[in-house]
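Chemist: One structure coming up, written as structure tokens, with questions to follow.
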Amino acid sequence: MTTPFTIETIAAHVGERVTVKGWLYASTHKGKLLFLQLRDGTGITQAVAFRPEVGDELFESLAHLGQESSLIVTGTVRANPKAPGIPAGYEIGVEEAHILQNAVDYPIGPKEHGVEFLMDNRHLWLRSKQQWAIMRVRTTIKRAIIDYLDDHGFYNIDTPILTPSAAEGTSTLFEVDYFDEKAYLAQTGQLYNEANIMAFGKVYCFGPTFRAEKSKTRRHLAEFWMVEPEMAYYDLEDLMNLEEEFVSYIVQTTLEQRAAELELLGRDLAALRNVIPPFPRISYDEAVERIQAIRAATDDPIQKELLAIEWGDDFGSPHETELTKQFDKPVFVYGYPSAVKAFYMEPWPGRPEVCKSVDLLAPEGYGEIIGGSERMSDPDVLLAAIHRHELPEVNYQWYIDLRRYGGVPHSGFGLGLERTVAWICGIDHIRQTSPFPRTLNRLTP
RNA sequence: UCCUCAGUAGCUCAAUGGCAGAGCGUGCGGCUGUUAACCGCAAUGUUGUUGGUUCGAGUCCAACCUGAGGAGCCA
């Protein structure tokens, strides 16, 4: 009797005869013993073949299988504290095996490889333990995002990817031909979300977005996923309350469900357990003062130059990194100068040069994972802002309409999935958080 | 677009201006407990491209190509 099972659940199958349909991750041998690391997509486990038990013919064929050969192995599960794997501590004594294909010259070995080589082989690299673990964490984070919002009264209303003009008027967009007209790949669904909340109250969109900026850093992709919740009758404080509950839920859920993967990635789990509300909230004014103090305290001339800032300047990466080092949780920075933010943000009461924006900066140098704001609610102020930013008014008529017909205070934010995955996984480059990342120099595979 | 660094065997990297090397991987052989096993043997090169300096260039010079990290911009 054979029990269908997955490697993930091997602990519950000790003493049973099982069949693994998978691939050969690695193998080694010692005389009449052969150790096969098998993976099936859910985990990795060791299968042990003993020559006198399986016979010379099968033993020889298994011994000469190349890495990533496909095979089906049947045998009995037993506990063995020394057996490696995910989960470790169990192995299968091989009784039968059917080889589907012997893979020859698999390019990725267990030793080190360079980034370019690995990215050229991204279609294969995904099979490696680390990449596999990151993608499992990613799926869990996506699920947590959707669960949280669906459980808190949000409707998932989709927004278009093909758009007639730049939503924010700032980023560089990918241009496409739309029946002989110019169209652009969406950089955000936010403006459409604002229309949707007036119909549904609380909504979110969650999908890919595109930025054609020639950014070439460990934090940027040309195509990335963003979840954008938008809420009617939410002010800036409501927004921050939601964001910290949301982010904490994502982190804690991932910790519960993917601790093994995070440990495999070498993540400091204590730092993640600490991500619970409340998060520190500091004003832009205070942030500038803090950065200036950090700059005054450093003797490094390069740092001194990078950290130069005056009120009114937007933060660069070095500013964010140094600022977040002062906290052991994500930190809110609110009340940025209107001049460095998008046109649609509500002015601060009594301080028109400041807007009701808030960014959430991840700790440990991971930078901005959320950008959000309370949106402008007055149609005339909005129209003036559109003119000031020299945006084509005709494309924004419908957006202004939202303020004419039952305008209300409302807020929303966008959370970058890949940056969040990078932070939670503790990996140093965003390209590993996307199965097939699109970057400045890479469109393939 | 700008700054910095890199490009040599399938991969990761060595090589004072003077014979092109090692480890890993691969192939063959040995071993009943491997964990990136170990031991023995073997095969593997258009040194990114083009031009220049030199008796002689992987090495020095110039341009270009490709990639990486960072700045700007942003999630």
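We did not get these values from a lab; they are worked out from the coordinates using the rules stated. Fair warning: this is a prediction, and the values are worked out from it, not measured in the lab. Methodologically, a virtual Cβ is constructed for each residue, glycine included, from the backbone with ideal geometry; neighbour enumeration extends over all protein chains shown.
Chemist: Using θ = phi - 60° and the Karplus form 6.51 cos²θ - 1.76 cosθ + 1.60, what ³J(HN,Hα) does each residue of the range A:82-92 get, whole Hz, x for Gly and Pro?
Modeler: 8, 6, x, x, 10, x, 8, x, 9, 8, 10
Chemist: Could you name the aspartates and glutamates whose alpha carbon sits less than 12 Å from that of A:Lys182, not counting residues in the same chain fewer than 8 places away?
Modeler: The reachable aspartates and glutamates, counting only those whose Cα sits under 12 Å from A:Lys182, number zero.
Chemist: Now a separate question. Rounded to whole Å and ordered largest first, report the semi-axes of the equivalent ellipsoid of the range A:368-445 derived from its Cα gyration tensor (root of 5λ).
Modeler: Equivalent ellipsoid semi-axes, largest first: 36, 17, 10 Å.
Chemist: While we're looking at this one, here's another question. When a/c reaches 1.5 or more, the comparison of a/b and b/c decides; with that in mind, is the range A:250-337 rounded, prolate or oblate per its Cα gyration tensor?
Modeler: Prolate is the answer for the range A:250-337, as a/c is 1.5 or above and a/b outweighs b/c.
Chemist: From the cross-link list A:Lys142/A:Lys216; A:Lys142/A:Lys329; A:Lys111/A:Lys329, which pairs have alpha carbons spaced over 27 Å apart?
Modeler: A:Lys111/A:Lys329
Chemist: Same structure again: What are the equivalent ellipsoid semi-axes of chain A, built from the alpha-carbon gyration tensor (square roots of five times its eigenvalues), in whole angstrom, biggest first?
Modeler: Result for chain A: semi-axes of 49, 24, 21 Å.
Chemist: A further question on this structure: If you project the alpha carbons of the range A:149-292 onto the principal axes, what extent comes out on each, in Å, largest first?
Modeler: 55, 40, 38
Chemist: In whole angstrom, note down how far apart the Cα centers of the range A:109-159 and the range A:6-59 are.
Modeler: If you average the Cα positions of each part, the centres end up 27 Å apart.
Chemist: A further question on this structure: Find the all-direction average of the projected area of the Cα convex hull for the range A:112-217, expressing the result in square nanometres with one decimal place.
Modeler: So the Cα hull casts an average projection of 9.7 nm².
Chemist: Taking the alpha-carbon centroid of each part, what is the distance from the range A:241-320 to the range A:325-376 in angstrom?
Modeler: Measuring centre to centre over Cα atoms gives 13 Å.
Chemist: Okay, moving on. So for each of A:37-50, A:123-136, A:403-416, A:74-87 I average, over its residues, the number of other beta carbons within 10 Å; can you give me the resulting order with the highest mean first?
Modeler: Per-residue Cβ counts within 10 Å, averaged per peptide and sorted highest first, yield A:37-50, A:403-416, A:123-136, A:74-87.
Chemist: Can you list residues from other chains, or at least 5 along the same chain, whose modelled amide H is less than 5 Å from the amide H of A:Gly367?
Modeler: For A:Gly367, the qualifying residues are A:Ala362.
Chemist: Can you give me the long-range amide H partners of A:Ile44? Hydrogens built in the peptide plane at 1.01 Å from N, cutoff under 5 Å, separation of 5 or more residues or another chain.
Modeler: A:Ile86
Chemist: Starting from the Cα gyration tensor of the range A:234-273, take the square roots of the eigenvalues, sort them a ≥ b ≥ c, and report rounded, prolate or oblate (rounded when a/c is under 1.5, otherwise prolate if a/b is larger than b/c, else oblate).
Modeler: In terms of gyration-tensor shape, prolate.
Chemist: What are the ³J(HN,Hα) couplings of the range A:335-346, residue after residue, when phi is run through the Karplus curve with 6.51, -1.76, 1.60 and θ = phi - 60°? Round to Hz, x for glycine and proline.
Modeler: x, 6, x, 4, 5, 9, 10, 5, 5, 8, 8, 5
Chemist: To continue, here is another question. Per residue of the range A:245-261, what does 6.51 cos²θ - 1.76 cosθ + 1.60 with θ = phi - 60° give for ³J(HN,Hα)? Whole Hz please, x for Gly and Pro, Karplus curve as stated.
Modeler: 5, 4, 5, 5, 4, 4, 5, 5, 5, 5, 4, 5, 9, 9, 4, 5, 5
Chemist: Long-range amide H contacts for A:Val408: which residues qualify at under 5 Å (H placed 1.01 Å from N, peptide plane, sequence gap of 5 or more or a different chain)?
Modeler: Result for A:Val408 returns nothing.
Chemist: For the range A:3-101, take the alpha-carbon Rg, divide it by the Kirkwood Rh, and send me Rg/Rh.
Modeler: 0.92
Chemist: Quickly work out the A:Tyr405-to-A:His387 label distance, labels modelled 7 Å from Cα along the C-beta direction, and quote it in nm with one decimal.
Modeler: Using points 7 Å along Cα→Cβ, the separation is 2.5 nm.
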